[in-house]
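Chemist: Please read through the structure below; I'll follow up with questions.
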Amino acid sequence: MPKNLGGSFYATTPIFYVNDAPHIGHAYTEVAADVLTRWHRQRGENAFLLTGTDEHGEKVLRTAAANKVEPQAWVDQLVHDAWLPMLNTLDVDNQDFIRTTEPRHERNVQRFLQLVHDNGFIYRGEFVGKYCVGCEEYKTEGDLVEGTGEFAGQDVCAIHSKPVENLNETNYFFKLSEFEQPLLDFYAANPNFIQPDSARNEVVSFVRRGLEDLSISRSKEKFDWGVDIPWDDTHITYVWFDALLNYITAIGFGEDDAESREKFEQYWPASVHVVGKDILRFHAVIWPAMLMAAGLELPKQIFGHGWLLVGGEKMSKSKLTGIAPNQITDIFGSDAFRYYFMKAIAFGSDGSFSWEDLTARYTSELANGFGNLASRSLAMIQRYFDGVIPSAGFYNEDDLEIQKIAGDAAVAADAAIEAVAIHEAIAQVWTLVDALNNYITVQEPWVLAKDEAKRDRLATVLYTCAEGLRVLAVLLAPVIPKATGKLWAALASGSLGELADQSLVEVANWGQLPAGSSIGELEPLFPRIEQDEK
Ligand code: MSP
């Protein structure tokens, strides 16, 4: 890690239901949270990424039953065979992976419930209403639409297009309604708490319409796959109340030992919960109210990103439109996956995936843009200076312009990450890729090389290219860790040490690569893709 700046950064992804294997919509969230966390780590912060799985609830239980397996065996297998491997497929550098069936989670869900109960925010009452198992959510009439096909004539969930269940049971309720005004006050005092602004506006108007108390338990007579209510073991905890708590149980909430307390102290409140906009209300309304009821600090930000669409609809397994992440990475590699989804879709907006767009960007931006810049620069240092980084002489205006673009790109990209505009950060860094490619075209080092009198100029040009590549390797490491690792190994690891130790804050201070150091062989960064592979 670069020189420690002292700060901590804690990002989370949603924890995913293990009723099925992941698709690229889930992968999208993982990559975004990973890029943000890696960026903060490269800045020198103590950065922690949490992800995991949401394993309780009726949806998972039913899937296990349909597959004729016990729920624990079902989730164990799916986590092992599909969800953990996804992180590897995407090159995600998470510091922890929490499963809601782990004792460290379950016992502290109970402690939290007891605390909120003792604080007077939980009561017993009658629940009469509707529930969608697909959403694991209580529904009002306004959330339903008229069914079609086999469900014609019935009201169905607008998201899952399936009928909802009618519930009538004695449950425990959380006094969510008491937090209406405190939440509105909090949103007003913390305008960046919910981002982007469209998400914020939606949540504020939802809360203004009034909040109802929330049923947070289910009778075990109906189903019993969840965490027992600590004071009444005939009830289990509502899966969302259980799941949201992962963000604090993973970092030691409820535990008494010094290490857990220190960890909680260090990382809570979270810097950002990255979530899809489908689950924004749980995170921006229920979760903060739960924390208020427990007397805990609220996270600094909830960021609701957009959906990957297929045919204009949210990609989803239930609608059979999911694409597995490795269908893409097997052909293009994890770096291309990461780059493509972070660059091509404005973070916060919906976007469509297409093989054509991915192939075109892979070729023009990654292979011909960045990859070719790296390979031809290093090849020229090899050819004209025997693989030794030359010493720069006098910098003319063109060289100084490259230095300025590098400095501006670093500052602008950092600001974009601060605003969680990942696409914008990459676009800023790409100004340097384009500028360097253009610089090489204009300077024509191959022409300079033919004239012994221009040897100094050639040295300055190639030093400028090498330094530009050094800056790019550091700035792009959070997005394309494999390719930048290869570039670093060839360009700088012998002289400057590990890529992970380079400070993003000081990256544009010019002249860090020592002249006289040797470069190594560059492995191909973005190999040509055979068209018939996909
Ligand atoms: N288990 C809950 C979350 C609990 S968090 C305390 C859940 N799980 S889920 O498996 O349904 O995953 C939801 C998340 O997956 C979304 O919020 C989003 O981050 C991601 N995505 C699922 N489909 C997606 C797309 N089509 N596009 C983008 N992201 C998508 O909800």
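Chemist: Give the relative contact order (percent, whole number) for the chain; include only Cα pairs under 8 Å separated by 6+ residues.
Modeler: 16
Chemist: Could you please state, rounded to a whole Å, how far the C-alpha centre of the range 346-425 is from the C-alpha centre of the range 429-456?
Modeler: 15
Chemist: Counting residues in the chain as N, plug N into 2.2 N^0.38 Å and put the Cα Rg over that result. Let's see the in-between values first.
Modeler: Numbers: Rg = 26.2 Å, N = 534, 2.2 N^0.38 = 23.9 Å.
Taking N as the residue count of the chain, the ratio is 1.10.
Chemist: Next question, about the same structure. Near residue 59, which lysines are there with a Cα under 22 Å away, not counting those fewer than 8 places off in the same chain?
Modeler: Result set, ordered by chain and number: 68, 130, 139, 162, 220, 222, 277, 314, 317, 319.
Chemist: For helix 24-42, report the angle its Cα long axis makes with the longest principal axis of the Cα atoms of the chain; keep it between 0 and 90° and round to the nearest 10°.
Modeler: Tilt of helix 24-42: around 60 degrees.
Chemist: Report D for the range 399-534 in µm² per second (integer): Stokes-Einstein, Kirkwood Rh on Cα pairs, 37 °C, 0.692 mPa s.
Modeler: Values: Rh = 16.0 Å.
So the translational diffusion coefficient is about 205 µm²/s.
Chemist: For residue 170 and residue 141, what does the FRET efficiency come to when R0 = 35 Å and r is the distance between their Cβ atoms, rounded to the nearest 0.05?
Modeler: 0.95
Chemist: Report, to the nearest 10°, how far helix 258-267 tilts away from the longest principal axis of the Cα atoms in the chain, using its own Cα long axis and a range of 0 to 90°.
Modeler: 70
Chemist: When the Karplus curve 6.51 cos²θ - 1.76 cosθ + 1.60 is applied with θ = phi - 60°, which whole-Hz ³J(HN,Hα) does each residue of the range 427-439 get, with x for Gly and Pro?
Modeler: For the range 427-439, the Karplus-derived couplings read 4, 5, 5, 5, 4, 6, 4, 5, 5, 5, 4, 5, 4 Hz, x marking Gly and Pro.
Chemist: Quick check for you: which residues of the range 13-55 have the amide N under 12 Å from the point 7 Å beyond the Cα of residue 66 toward its beta carbon?
Modeler: What the label zone holds, given the 12 Å backbone N cut-off, is 19-21.
Chemist: Tell me whether the range 129-225 comes out rounded, prolate or oblate; compute the Cα gyration tensor, take square roots of the eigenvalues as a ≥ b ≥ c, and use a/c under 1.5 as the rounded threshold. Before the final figure, lay out each step's value.
Modeler: Values: a/c = 2.67, a/b = 1.46, b/c = 1.82.
Note, shape of the range 129-225 comes out oblate.
Chemist: Continuing with this model, one more query. Volume per residue, Å³, of the convex hull around the alpha-carbon atoms of the range 1-95?
Modeler: Hull volume over Cα atoms, normalised by residue count, gives 88 Å³.
Chemist: Same structure again: Please compute the modelled spin-label separation between residue 233 and residue 313, points set 7 Å along Cα→Cβ, answer in nm with one decimal.
Modeler: About 4.5 nm, to one decimal.
Chemist: Moving on to the next point. If you count the DSSP beta bridges with both ends in the chain, what percent of them are antiparallel, to the nearest 5?
Modeler: 55
Chemist: Multiply the residue gap between residue 177 and residue 388 by 0.36 nm, knock off their C-alpha separation, and tell me the result in nm, one decimal place.
Modeler: 69.1 nm
Chemist: Which distance in Å, rounded to a whole number, links the C-alpha centroids of the range 485-534 and the range 241-272?
Modeler: Using only Cα atoms to place each centre, the spacing works out to 37 Å.
Chemist: At R0 = 25 Å, how high is the FRET efficiency between residue 454 and residue 482 if r is their beta carbon distance? Nearest 0.05 is fine.
Modeler: With a Förster radius of 25 Å, E is 0.10.
Chemist: Another question, then. Would you mind checking the tilt of helix 103-118 against the longest principal axis of the Cα atoms of the chain, expressed as 0 to 90 degrees and rounded to 10?
Modeler: 50
Chemist: Next up: For a test of the definition: using alpha carbon positions, the gyration tensor, and the 1.5 limit on a/c, classify the range 175-293 as rounded, prolate or oblate.
Modeler: Cα axes put the range 175-293 in the oblate bin.
Chemist: What full-extension length gain, to one decimal in nm, is calculated for residue 84 and residue 102 as 0.36 nm per residue of separation minus the Cα-Cα distance?
Modeler: The span from residue 84 to residue 102 would gain 4.9 nm if fully extended.
Chemist: Calculate, in nm to one decimal, what residue 220 and residue 441 gain on full extension: separation in residues at 0.36 nm each, minus their alpha carbon distance.
Modeler: On the way: separation 221, 0.36 × 221 = 79.56 nm, distance 7.13 nm.
Fully extending the segment from residue 220 to residue 441 adds 72.4 nm.
Chemist: What is the spin-label model distance, in nm, from residue 356 to residue 412 if the labels are put 7 Å beyond Cα along the C-beta direction?
Modeler: It works out to 3.0 nm between the two label points.
Chemist: Under the rule that a partner needs its Cβ under 4.7 Å from the first Cβ, which Cys of the chain have none?
Modeler: Within the chain, the cysteines lacking a partner Cβ under 4.7 Å are 465.
Here, each number is a calculation from the coordinates, and none is a lab measurement. Since this is a predicted model, take the numbers as computed values, not measurements. Here the Cβ is made from the backbone with ideal geometry for all residues, glycine too, and neighbour counts use every protein chain on show.
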